[in-house]
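The values are calculated or read from the model by the stated rules, or taken from the named source; none is laboratory data. Note that this is a predicted model, so its numbers are computed, not measured. As a convention, Cβ positions derive from the backbone with ideal geometry for all residues, glycine included, and neighbour counts pool all protein chains shown.
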C-alpha cells in the first residue's frame with residue numbers, strides 16, 4: 001500500500017532534524033577533542049614533556065659541605081676530607097642480591113657491609129641511594145666505574161667526611177659527627193627536624209659537643225642534581241646541578257696550643273681543667289683526661305674500641321669539665337666568707353678559736369688539722385684553710401645567704417656553653433632541700449655546706465667562673481664561640497656584681513697568701529716571676545665518710561686507700577694577682593687532696609701567661625728538672641704534629 005505524500009514529507013523532516021542533531025553532536029565532540037589536543041600539545045606541552053622526562057631523569061639531593069671549626073688563631077679543628085663511597089639504588093638495581101654478588105666479585109666486600117646495606121634499603125624508599133661502602137680506595141672506585149654496565153643501580157660517588165686533626169685534645173669540646181640514627185629522628189634532638197637531608201642514609205650529624213649543639217648552624221642546606229638513567233635504571237650522565245649552601249664556619253675561643261698543653265699536663269690522671277680569660281670570659285682551654293680519638297666514631301668505631309672506652313675506670317668519654325659535679329671542698333670557703341662579709345656578720349680581724357673540732361648539737365665536726373689552728377681570723381682561715389672558722393661563720397650567716405652568694409658567683413647555675421650535658425650543679429638552700437627530699441634543712445647541713453661539702457656540687461667550669469668573678473668583681477660568663485661566619489658573638493665580660501670592693505680585696509689578699517706565704521696550703525705551687533704572681537685556693541673533696549672509730553685509731557691516709565676511695569683534689573686561682581688576666585680551675589679525681597691539683601694549675605697558668613713555653617726561672621727550683629723534661633717532650637710532640645700536618 002502506497003504511503004500518503006504527507007506521511008512521506010513528515011518522515012523526511014523528522015530524519016533531517018535527527019541528522020542535524022547527530023551532526024551537531026559529532027561536531028561538538030570533534031571540537032572538544034580538537035581543543036583538548038591543542039591544550040595538551042601546545043598549552044600543556046612543557047608539563048607533559050617534564051612528566052615524560054621523569055621516566056628517565058631522577059632528582060637527587062646533594063649534601064652540603066659542613067661548616068668548618070677553627071680555634072681562636074685560625075687553626076682547623078674540624079674539617080672535611082674527600083670520601084669515596086659505593087652506593088646502590090634499590091629500584092634501579094633490580095635483583096639486589098645479584099647486584100651485590102656482582103659487586104663482590106669486582107672489589108672486596110665484607111658480609112657485614114652487605115647485611116648493613118640490605119637493612120638500610122629495607123627502611124628507605126626504593127629510590128633513595130644507600131651507601132654500601134665508605135672510604136673506598138681509588139683503585140676500587142676505578143674498578144666499579146669501569147664495570148658500570150654490569151652493575152645496574154650501583155655507582156661510585158665522592159663526598160665529604162669529617163676529620164679532626166687535633167684528635168683527643170679537642171674531642172670533648174668539638175665533639176664528633178656520626179650517621180643519623182632512628183633514635184635521633186624519633187626521640188633525640190632531631191625529632192622535630194624535617195630537613196630532607198636527614199633521610200639520606202648515613203648522613204652525618206653532630207653527636208656531641210659543638211658539632212651537636214650547633215648542628216643547624218654547621219649543617220647547611222641541601223642542593224640537587226638531575227641525572228639521566230636508561231631503561232634499566234643505570235645512571236648515564238648528570239644533566240644539571242644546583243648546589244646548596246654550605247654550613248657556617250665557627251671560630252672557638254679555644255687556643256689549640258694551650259689546649260694541647262693542658263691535655264699533656266693532665267695526662268695520666270682522671271682530671272679536668274678550665275682556663276678563663278678574665279677580660280671577656282673567653283674559654284682559652286677546657287679539657288678532660290683521659291680523652292679519645294673522635295675520628296673513630298666518624299669512621300665507625302669497632303666493638304673492641306667501644307668496649308675499651310666504656311669500661312675504662314677513668315671515663316674517657318665524659319666531659320668532666322662541664323658535665324661532672326663535685327663537692328668543691330675548701331674552694332667554697334670564699335663564698336661563705338663573702339656572704340658573711342656582705343651580711344655584716346663578721347669583721348676581718350675577728351677571730352674564732354679552732355681546737356680541731358666544733359660540736360653542733362650532738363654531732364662533732366672536725367677540722368682537717370687534728371690539733372686545730374687556735375685563734376684564727378679571716379685572712380689566716382683562708383691561708384691555712386681552717387674548717388672550724390667556717391663552721392662557726394656559716395651558722396651565723398645562714399644557708400640562704402650562702403646560697404645567694406654562691407649563685408652570684410656563678411655556682412648552682414647552668415652556663416650556656418655549647419658542649420654536651422652541661423651540669424647545673426647545686427647551691428642548696430632550705431627550699432631546695434624541701435623540694436629534693438621533702439625534709440627540712442638542718443643546722444648540720446649548713447655546717448657541711450660552709451666548707452663545700454654536703455649537698456653542694458660544682459663543676460670545674462663553674463669554679464673557674466667563681467674565681468674569675470672574685471678576681472674581677474664582674475658577672476663574668478664563659479664564652480666558647482668567638483665568631484660564626486666571621487660575625488663576633490656577644491662578650492662575656494659582664495657587669496659589676498655589686499659587691500663591696502673592700503670585701504673582695506680582703507678575700508683576694510687571703511687567696512694570695514694561700515700561694516705565696518710559707519704557711520699557705522699551696523706555697524709549693526707558687527710562681528716566682530713577680531709580674532705573674534698567682535692567687536688561689538686549695539680544696540679537698542671527701543668521697544667517703546670517716547667514722548668515729550677510724551678517727552680514734554687515726555684517719556687512713558689517702559695513699560693507703562684504693563684509688564676510687566681517695567679524696568678529690570681541687571685548686572682554683574687567678575693571675576697576675578695585681579692585674580688578673582686568667583682564671584684556672586683544676587679537679588683531679590681521687591687525687592688525694594688539693595696538693596695534687598695546685599701544681600697542675602700553676603703550670604697551665606704559666607703556659608697561658610707566657611703564651612707559650614715559660615722560662616724555668618718562673619718555677620720553684622725543686623721542680624725545674626721535671627719541668628725541663630716536660631718542655632722537651634712537648635716540643636717533640638709539636639714537631640711530630642707539624643710533620644704529620646705537612647704530610
Being in contact with a strand residue (DSSP E or B) (Cβ under 7 Å, 6 or more places away or on another chain) and farther than 11 Å from residue 604 by Cα is the filter here, so list the residues in segment 250-269 that pass it.
-> 250, 251, 252, 253, 254, 255, 256, 267, 269
Exactly one condition in (1) out of contact with any strand residue (DSSP E or B) (no Cβ under 7 Å at 6 or more places or on another chain); (2) surrounded by fewer than 16 Cβ atoms within 10 Å (Cβ to Cβ); (3) touching a residue at least 12 places away in the same chain (Cβ under 8 Å) is not met by residue 152; state its number.
-> (2)
If you take the residues in segment 196-225 that are touching a helix residue (DSSP H, G or I) at 6+ places or on another chain (Cβ under 8 Å) and free of Cβ contacts under 8 Å to residues at least 40 places away in the same chain, which one is nearest to residue 243 (Cα to Cα)?
-> 198
Residues in segment 439-490 that are free of Cβ contacts under 8 Å to residues at least 24 places away in the same chain and within 19 Å of the chain's Cα centre (by Cα): how many?
-> 1
Any idea which of 600, 606 is in the same structural domain as residue 523 (by TED's automatic domain parsing), surrounded by 14 or more Cβ atoms within 10 Å (Cβ to Cβ), touching a residue at least 24 places away in the same chain (Cβ under 8 Å) and out of contact with any strand residue (DSSP E or B) (no Cβ under 8 Å at 6 or more places or on another chain)?
-> 606
So residue 169, is it assigned by TED's automatic domain parsing to the domain that holds residue 63, surrounded by 22 or more Cβ atoms within 10 Å (Cβ to Cβ) and modelled with pLDDT of 80 or more = yes
Exclusive hit being within 27 Å of residue 543 (Cα to Cα) and not assigned by TED's automatic domain parsing to the domain that holds residue 172, set 493, 464, 513 | 464
Quick one: in segment 156-187, which of the residues that are assigned to a strand (DSSP E or B) and touching a helix residue (DSSP H, G or I) at 6+ places or on another chain (Cβ under 7 Å) is nearest to residue 117 (Cα to Cα)?
-> 156
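Which residue out of 361, 381 is buried (at least 23 other Cβ atoms within 10 Å of the Cβ), outside the structural domain of residue 209 (by TED's automatic domain parsing) and either at pLDDT below 95 or under 29 Å from residue 273 (Cα atoms) (or both)?
Of the residues listed, the single one that is buried (at least 23 other Cβ atoms within 10 Å of the Cβ), outside the structural domain of residue 209 (by TED's automatic domain parsing) and either at pLDDT below 95 or under 29 Å from residue 273 (Cα atoms) (or both) is 381.
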Quick count over segment 122-141, residues being crowded, with 18+ Cβ neighbours inside 10 Å and assigned to a loop (DSSP other than H, G, I, E, B), is 3
